Amino acid sequence: MSIFRNTLRMVLAAGTLGVGMMVASTGASAQTAAPAKGGDKVVYHIDNSDAQATKGLRNIRNHLDVAPDTKIIVVTHADGVKFLMEGAKDAKNRDIDYAALVSALKARGVRFEVCEITMRNNNLKKEQFIMDADFTPSGVARIAQLQSREGYAYIKP
């Protein structure tokens, strides 16, 4: 009889555990599938201005054209901070003035953040950046925070 009780207990425990796992799994799936209130949240990661700035700014404009309620933060570090500096232009097309493009996107709610570690390592000052730039202590840490704590999707143009 005790073998039967122990077996029954194990079956009941396994069943309860299975239901609990199923509920937890379903909850996670439902949470992942639910749309964010007020639109999506996206972090664009730029660490190379020459390769990513023009393409990234175009992607962001297109993104907002089809999903205008998306909250977008652009985090820059390393060589990616260059396009946010005063007077910066596209290296391949000197007619592209980054300040004007950034300003237009800022007016649409996009936030542009510059890594202060990069600034320190390159002896850059906040005054060297356009007025639309904001600053963050660490670009990499900021990206991780936005993804893990605040539920931002990650895009690297």
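Here, each number is a calculation from the coordinates, and none is a lab measurement. Note that this is a predicted model, so its numbers are computed, not measured. Counting neighbours? That spans all protein chains shown, and the Cβs are built from the backbone with ideal geometry, glycine included.
In debye to the nearest 20, how big a dipole does the stretch 55-95 give about its Cα centre with +1 on each Lys and Arg Cβ and -1 on each Asp and Glu Cβ?
Dipole about the Cα centre, nearest 20: 140 debye.
For each pair in Lys92/Lys156; Lys55/Lys106; Lys71/Lys92, compute the distance between the two Cα atoms and list the pairs where it is over 27 Å.
Lys71/Lys92
For the stretch 32-118, which semi-axes, largest first and in whole Å, follow from the square roots of 5 times the eigenvalues of its Cα gyration tensor?
Largest first, the stretch 32-118 gives 24, 15, 11 Å.
Net charge within 13 Å of Arg142 by Cβ-Cβ distance, Lys/Arg positive one each and Asp/Glu negative one each, not counting Arg142 itself?
So the environment of Arg142 carries a net charge of -3.
Along the charge dipole of the stretch 95-157, pointing to its positive end and built from +1/-1 on Cβ of Lys, Arg, Asp and Glu, which listed residue (Leu101, Ile130, Phe112) has its Cα farthest out?
Phe112
What net charge is computed for the residues neighbouring Ile73, neighbours being all others with C-beta under 15 Å from the C-beta of Ile73, Lys and Arg scored +1, Asp and Glu -1?
Every neighbour counted, the sum reads +1.
First select every other residue whose beta carbon is under 12 angstrom from the beta carbon of Asp90; then total the charges, Lys and Arg +1, Asp and Glu -1.
So the environment of Asp90 carries a net charge of +3.
Less than 15 Å apart at the alpha-carbon level, and either on another chain or at least 8 residues along: which aspartates and glutamates does that give for Lys82?
By straight Cα distance, Lys82 reaches Asp47, Asp50, Asp90, Asp97, Glu113, Glu116, Glu127, Asp132, Asp134.
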